[in-house]
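In what follows, a single structure is set out as structure tokens and then discussed.
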Number of protein chains: 2
Amino acid sequence: MRQQSFMDQAFVAKAERLTPTLRERRAEPVRIIEAEAERTALHGWKVRETGKAEALRTRALSKGDSFVVDFGDHQVGYLTFKLRSEEARADAPVRLKLIFGEMPVEIGESFDTYDGWLDRSWLQDEIVNLDVVPGTYTLPRRYSFRYLKVEVLTPARKFKVAFDELFVTSVSSADLAAVPALPDSVPEDLRELDRISVRTLQDCMQTVFEDGPKRDRRLWIGDLRLQALVNYETFRNMDLVKRCLYLFAGLRLPGGQVSACVYEKPEPSADDIYLYDYSLFFIAALHDYYEASGDRATLEELWPIALEQVHLSLERLDERGLVKDDPSWYCFTDWHDDLNKQASAQAVLIYGMKRAVAIADWLGGASGDRAGRETASAQERKEAQAQAEAEAEAEAYRKQADALRKQIDRVSAAALEHLRDPETGFFASGAGRQVSWASQVWMVLADVLPREENAALLDRLFADNPEVRPMTPYMFHHLVEALLAAGRREKALEQMRAYWGEMARDGADTFWEVYNPSDKNNSPYGSNLINSYCHAWSCTPAYLIRKHFR
Amino acid sequence: MRQQSFMDQAFVAKAERLTPTLRERRAEPVRIIEAEAERTALHGWKVRETGKAEALRTRALSKGDSFVVDFGDHQVGYLTFKLRSEEARADAPVRLKLIFGEMPVEIGESFDTYDGWLDRSWLQDEIVNLDVVPGTYTLPRRYSFRYLKVEVLTPARKFKVAFDELFVTSVSSADLAAVPALPDSVPEDLRELDRISVRTLQDCMQTVFEDGPKRDRRLWIGDLRLQALVNYETFRNMDLVKRCLYLFAGLRLPGGQVSACVYEKPEPSADDIYLYDYSLFFIAALHDYYEASGDRATLEELWPIALEQVHLSLERLDERGLVKDDPSWYCFTDWHDDLNKQASAQAVLIYGMKRAVAIADWLGGASGDRAGRETASAQERKEAQAQAEAEAEAEAYRKQADALRKQIDRVSAAALEHLRDPETGFFASGAGRQVSWASQVWMVLADVLPREENAALLDRLFADNPEVRPMTPYMFHHLVEALLAAGRREKALEQMRAYWGEMARDGADTFWEVYNPSDKNNSPYGSNLINSYCHAWSCTPAYLIRKHFR
């Protein structure tokens, strides 16, 4: 245990050395707007332009005055403004209320009405008291927003105030210049989805891959896996993925499980949340990282952690080889109150093990080029010994791969025997034998059926349209991936256009955490105010387009 | 004009070089209290101890919880606290409301009810959002307070918060160790008034002599003059007075008048307020500074500014030699809506000119020691020339003194002839011939009558008790000074005990900006919340006791 703990610290130290310096961009307001209530608009609010941004400079404001500026696109960064007094010298502090919104609803509705299920402190507003005017102020906190409402609480008496400057210093660890241009063949609507996706990822890429820069501002492995895929096709920031992998590897739970999420501050530490699928995604994230980077040293160093996730996950199987179900929140899969997770957990286990096999194969096959040399001198004997050791290591990897293959067979057979309904061909989950979209999608991704059967399963899924549908962009991504894996390219494109395309038509500057085209005001937290409107797990169209539709 | 402007910059630069480094002290809460409404208490609020300060460390707080800590004495400084989470890791920002109060009323009453005549931004409260918990936070603004109320706005859900540490770093440019001990002969109640006065001055002594560290936090010359007097008897920080004199000298109004108040930030600048009496107090402040410090270089350099104030003030006289009255706020004297200022302005002019004469006499008499030497060598001839120049300079000072004496005679005669009522002997002010306490007090301080008549005037004042009475500690100070000048030492002591003594009995930790023993809830600003309860012009008992009652 002591040695393990030492290893952890070394991993975290390695992660900390990879902390990126953020790139800064200055963004100015592009116009002055108002949020107007409109029943038919998304969340009941739309924006209306009421003036040019330049007009701000000459507007003298006092108690009760307010304005809303639009920065033209989603921003993650620090607000700076320069205040002067008008009509008389400022002889008292200036008190302002600042409200930052990613969406018009955040500007339109009062945060005082918020009654959702997460802490109100995620809503981005401040009351600031400014002692020195004229003065230039930069607020210490980072905000995620496109719109900023300023309410003047004072001055009320002798003087007024005006804003000489007002801008955001936006930050990201992503380098926009590194993103390859899309070929001309990509149609306009997909280019737009790609652009929004890239912006989403850019704004989530800070000193880790955050899930959402407004909320929760931390590293979840479910989000990381998808962000990394998009990153490989766009910014190609390998070090940031590496940093995140080492954070997860260094900050496991007491039982050795990779935790679902980690915090960077005040010092790196794991949350206590363990999710069955998320811990297995460590394997997938490592697999994908090596495939994109070829960084074998990292692969070798983190492989034991990945393999440990398999072993820990296998412990949850019952005597039939099925993931034991229970009513707790043991597996994520999707934000859906009614979704049973057993089948998808089973599938993710297979999906993870298949990537583990790939890693073991890579590691086990690498020493082959050293074979067949003659040995003579001391130097050569030394080389021969090294070669023998490498060969032994490779042999160990191959044995791991073989053991994994046996487990894959066993777990896949259990899924086919106990979860698949022989009548309908659908995979059923839990004691209630629930047939959900998620279970079918994940079984396709786990590739337990022949390819043609996968395609037929998905066709039947669309035809039957079971009630427990995908809820989040995260689940929609996996649906699209499953369609692509099964060769249903057109259906995949149609889904992408229907989902992310509709989000874009609804005004997304960056893709959202939650979106249900048939219930657009849905929030898993009881309020549209607290949803994250720039959310990493929603940024995959850029990956899908660049990998499959170019 | 160009040259004048250059001079100004040199004065300001000299002032800036004298900016003190503030001394820091750490102060901890001494107990947990509650503010309780009680009709008979001052402002309707009293405090009740509800726990020991140590108890805070173990109290886990969430939405809706609040506490009030008492730091035991008035503090001016910066708040630091260390927050930890309880029950679970903090997974959302923590949102707190902090309310700082010098007095129980500020803790008891909601600032939302404030409807006074100064900007609400002077009321000291903040809403802070803290992204990282556990964490140690120091708020960037300085507060003036004894009580701190903390309201927890979030967390509301998964975790709670507790305060591991909570303290103030109090700041002042005053060195408490420099204050001479009072002799044993000084009675206990005066020692207490002295202690409170010293604390008041200490908390107002920052990078200038502030009028009030809660409100207005700037340098007024009316306050400076009194603070300097107390300072000479206590902290003896000569450089801070010098800095303030150079600020006023360097930042005059376009016509050359010393402005009533100056700001330090963002860079030193004058307010546009000109007050007849305040500009004349520049002379008195310079006079007192030289008397305390013997700093002749400063006296010589600032004398032209002082003399200019006389000349500018004389311009307001009518053909009879009386200060022209008008309904504007041209002279301060006291916060009293009904007070006519003509007589007091006339008296302050005489008071100022008498101190100008003293300065001119000091400057004119200083070269006498060089006279009577023989001249022979080149060196000696050079010395002789310097001596001749010095003699010419001294002669110029003496001429200035003579001219001032003539003006004093003229203006005093005008006061006696036109303002003094031959029947009652009272000085009457303005077209309405108002007989106020302030007019008599200032005429005594201007010393226009023989000493016995001054005493008789004040005796009659107490006997007749005209309706327009002193309102502020500032005016009470001048009443006590007048009694002392007229030899009414016992009456002076009685007044001091009745006024500041009553304030002390009412719970003053530091002396207050406004206090009317017969109307204790009076505020010139329409609300007790916005009064300053540590106010420089109220700190003179330490001067009066140390100069006259030891």
Pop out a list of residues from the range A:198-217 that are at least 20 Å² less accessible with all the protein chains around than in their chain alone; 1.4 Å probe, no ligands or nucleic acids counted. A:R217
Once you have the Cα-Cα distance between A:E395 and A:W329, take 0.36 nm times their residue separation minus that, and quote the gain in nm to one decimal. 19.9 nm
Pseudo-spin-label distance A:R39 to B:D164, built 7 Å along Cα→Cβ, given in nm, is 5.5
For the range B:154-301, the accessible surface attributable to carbon and sulfur atoms (probe 1.4 angstrom, ligands and nucleic acids excluded) amounts in percent to 48
With a point put 7 Å past each Cα toward its Cβ, work out how far B:D8 is from A:V132 in nm, to one decimal. 2.0
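Computed FRET efficiency, Cβ-Cβ of A:E383 and A:R451, R0 51 Å: what is it to the nearest 0.05?
Details: r = 45 Å, r/R0 = 0.88.
With a Förster radius of 51 Å, E is 0.70.
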Put the label 7 Å from Cα along Cα→Cβ for A:T58; what are its distances to the other copies, in nanometres, shortest first? 6.6
Nearest-ten-degree value, helix A:489-505 long axis tilted from longest Cα axis of chain A: 20
How big is the A/B interface in buried accessible area, both sides summed, 1.4 Å probe, to the nearest 100 Å²? 3100
Just which residue of chain B brings its Cβ nearest the axis of rotation onto chain A, and by how many angstrom, rounded whole? B:I127, 2
For A:R489, place a label point 7 Å from Cα along the Cα-to-Cβ direction in every copy; what are the distances to the other copies, in nm, shortest first? 11.0
For the range A:92-117, list whatever residues lose no less than 50 Å² of accessible surface once every protein chain is in place, relative to that chain by itself, with the probe at 1.4 Å. A:P93, A:R95
Modelled label reach - B:R505, point 7 Å along Cα→Cβ, the range B:518-550 residues with backbone N closer than 18 Å: B:518-522
So, in nm and shortest first, the distances from A:E389 to its counterparts in the other copies, with label points 7 Å along Cα→Cβ, work out as 8.9
At R0 = 25 Å, FRET efficiency that the Cβ-Cβ distance of A:T80 and A:Y114 yields, to 0.05: 0.35
Within the range B:385-426, whose backbone N sits under 12 Å from a point 7 Å along Cα→Cβ of B:L314? B:400-411
Helical mean residue ellipticity (222 nm; -39500 (n - 2.57) per DSSP H run of 4+; nearest 500) of chain B: -13500 deg cm²/dmol
Once the Cα atoms of helix A:238-250 and of chain A are each reduced to a long axis, what angle between those two axes, in degrees from 0 to 90 to the nearest 10, is obtained? 70
Computed over the protein assembly as shown, protein heavy atoms only, probe 1.4 angstrom, the accessible area per residue in square angstrom equals 39
Would you mind calculating the gained length between B:D519 and B:K265 on full extension (0.36 nm times residue separation, minus the Cα-Cα distance), in nm to one decimal? 87.8 nm
Once both axes come from the Cα atoms, what is the angle between helix B:296-314 and the longest principal axis of chain B, in degrees from 0 to 90, rounded to 10? 80
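The values are calculated or read from the model by the stated rules, or taken from the named source; none is laboratory data. Please read all numbers here as calculations on a predicted model, not as lab measurements. Reconstructed Cβ throughout: ideal geometry from the backbone, glycine too, with neighbour counts over all protein chains shown. Remember, those area values only see protein heavy atoms, side chains included, never the ligands or the DNA or RNA. Shrake-Rupley method; radii C 1.70, N 1.55, O 1.52, S 1.80 Å.
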